[in-house]
Amino acid sequence: MKRWSRRLRHLAVGVLDLPQDVVLEVPRITMIGQLQMYIENHRGVLHFSEKELRLLLTNGQLIVRGEQLVIRAILPEEVLLEGKIGGVKFVEKS
Amino acid sequence: MRNLMREWYEGHITVTIRGKRFERLVNLAVREGIHIWNISRSGSGQGQFDILIRDYYRLRPLLRETGCKSHVTSRGGFPFWLIRIRRRAGFAVGAFLFLFGMYMLSTFVWTIEVQGTVRLTPGQVEQVAEKVGIKQGAWKVKLKEPQILQKEMTALLPEASWIGVHIEGTKVTIQVVEKEVQEPAKQLGPRHLIAKKKAVIHRVEAEAGKSMVQVNQFVDKGQVLISGVIGNDTRQGLVAAKGKVEGEVWYVSNVSVPLNRKSSHLTGQKQDLFYLVVGSYAVQLWPLQTIPFEKYEASETRVQLGYSQYSLPVGWKKVSLYEQEDRSKSLTQEEAIALGKQFARQDILSKAGKEAVIKDEKVLHVKTENGKVYLSIHYAVIEDIALEQPIVALPPAPGQNTSDKAN
């Protein structure tokens, strides 16, 4: 059943030309240089410190490393992060 | 995402949280729909964020659930600002009174400007304006609409055909358009029209009075042309004689025209000299080399700084030299005669008056002597020869009154 649903979604992206983030439930990330980062479609904050933000995704985690990180705003599905961003890393759900 | 206006209006606080489950608290708050922003961590067991005052009370159960402790570190926004103002009541009242005072002062009329008066004085217009309420210090709220004021003022000022009232801020502009009043006709006393010069009558047009002369009649200077006495011997009346009498007048004009004429022209060459003036001495500063002009016209401008009658002894002046050139021109006799006639004509017309017309021109005599042409020309000019002469009041003839009654 789950395999069928995934196949249907991929088909919708290909045939109907829908944006992938809407259909596939993956995050959409917008970055402005090192300064700002806007993440949509997250599922909650796992860990937050000055140097690291760990967000829960539908299939795994997103790790943002940097310095002097500040969450400027947060909504149930969106995060606006500011600071000096060093790296972004995806961790697949095992 | 953030609504700064709302944050300021509702008031916000910065909360420092102590506790291990900070992330859990943030997640719960977001899920509850509590608006938090500027989240940062300053250590493993410590974090802070901004929150609306209203939401702070909704945060409390979540704090209990996660075992965190909160501490308010700073406050901002309108509610806190109000509290601060309450502490400085005098200042706040002063500021409010100042604004209110400014507003109140701007609701009065402070200046009145009257435009467009010609015969009326601005003072008269201002008096009328005061009657309808426009005066210095009048409260604008109590004034009627400009349209109505306009109508009232026009009714009160019969000399004006239209009055515009325009209120702009604290200034009232009154635009007056005055009625055109026709000048009353001048009352003329009884008079004759007499001849100014010896002449032959060319045309007589009597509007009032009795014409005493006929066309082609010769008149002497001072002769009555149109009489102010009308009626016959038994019934007489006096009027101001009015009319137009044109006569042919003869003039002889003697002109001399030199055959060689010299005139000087400016060549357009110009140079400026700058001098330093010290006391009564002037030292030329610039240019170092002057172009020698054979003949020139000089104009000088002097600059000497000073205050009222005191002036500095040091100043400067600029002298502009314009080069001149002499040109001589020799005329033939025909040209000289033509030029002489032209001069003579101008001379005659200036003697005979504006409306004069030259009827005939005859060169009587031409003589060339000593490089000059002497001309004598005879002109017959048609011009207005009428001159007004008042009739000195005579004691009325004994029969006149009775004859008037009989009339």
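The values are calculated or read from the model by the stated rules, or taken from the named source; none is laboratory data. Source: prediction; values computed, not measured. Here the Cβ is made from the backbone with ideal geometry for all residues, glycine too, and neighbour counts use every protein chain on show.
Data for the structure
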| read-out | value |
| --- | --- |
| Number of the exception - residue B:53 against (1) more than 14 Å from chain A (Cβ to nearest Cβ); (2) without any contact (Cβ under 8 Å) to a residue 40 or more places away in the chain; (3) within 23 Å of residue B:3 (Cα to Cα) | (2) |
| Single residue of the stretch B:180-204 satisfying the filter (among the charged types (D, E, K, R) and at pLDDT below 85) that is farthest from residue B:387 (Cα to Cα) | B:180 |
| All positions within the stretch B:299-311 that are surrounded by 11 or more Cβ atoms within 10 Å (Cβ to Cβ) and out of contact with any Ser or Thr (no Cβ under 9 Å at 6 or more places or on another chain) | B:302, B:311 |
| Looking only at the stretch B:32-47, and only at residues there that are facing chain A (nearest Cβ under 10 Å) and polar (S, T, N, Q), the one that is surrounded by the most Cβ atoms within 10 Å (Cβ to Cβ) | B:40 |
| Every residue from the stretch A:42-57 that is more than 7 Å from chain B (Cβ to nearest Cβ) and either under 11 Å from residue B:27 (Cβ atoms) or aliphatic (A, V, I, L, M) (or both) | A:42, A:43, A:53, A:55, A:56, A:57 |
| The one condition in (1) out of contact with any Phe, Trp or Tyr (no Cβ under 7 Å at 6 or more places or on another chain); (2) without any contact (Cβ under 8 Å) to a residue 60 or more places away in the chain; (3) hydrophobic (A, V, I, L, M, F, W, C) that residue B:225 fails to fulfil | (2) |
| Among (1) within 12 Å of chain B (Cβ to nearest Cβ); (2) touching a residue at least 24 places away in the same chain (Cβ under 8 Å), the one test that residue A:60 misses | (1) |
| Verdict on residue A:29 being among the β-branched types (Val, Ile, Thr), surrounded by 15 or more Cβ atoms within 10 Å (Cβ to Cβ) and under 10 Å from the mean Cα position of the chain (by Cα) | yes |
| Residues of the stretch B:211-228 satisfying the condition of being buried (at least 16 other Cβ atoms within 10 Å of the Cβ) and in a strand (DSSP E or B) | B:211, B:219, B:224, B:225, B:226, B:227 |
| Some residue of the stretch B:44-55 being on the phi < 0 side of the Ramachandran plot and under 58 Å from the mean Cα position of the chain (by Cα) | no |
| Pairs with Cβ under 8 Å, 6+ apart, first in the stretch B:18-47 and without any contact (Cβ under 8 Å) to a residue 24 or more places away in the chain and within 13 Å of residue B:70 (Cβ to Cβ), second small (Gly, Ala, Ser) and surrounded by 15 or more Cβ atoms within 10 Å (Cβ to Cβ) | B:36/B:29 |
| The stretch B:3-31: number of residues that are within 9 Å of chain A (Cβ to nearest Cβ), in contact with a strand residue (DSSP E or B) (Cβ under 6 Å, 6 or more places away or on another chain) and not acidic (Asp, Glu) | 5 |
| Strands (runs of 3 or more DSSP E) lying entirely in the stretch B:1-54 (those with 3 or more residues that are over 15 Å from residue B:74 (Cα atoms)) | B:36-43 |
| Filter pass, residue B:267 being farther than 15 Å from residue B:384 by Cα, of a type in the set (S, T, N, Q) and assigned to a strand (DSSP E or B) | yes |
| Top-ranked residue of the stretch B:274-317 - restricted to ones that are among the polar types (S, T, N, Q) and in a strand (DSSP E or B), ranked as farthest from residue B:264 (Cα to Cα) | B:311 |
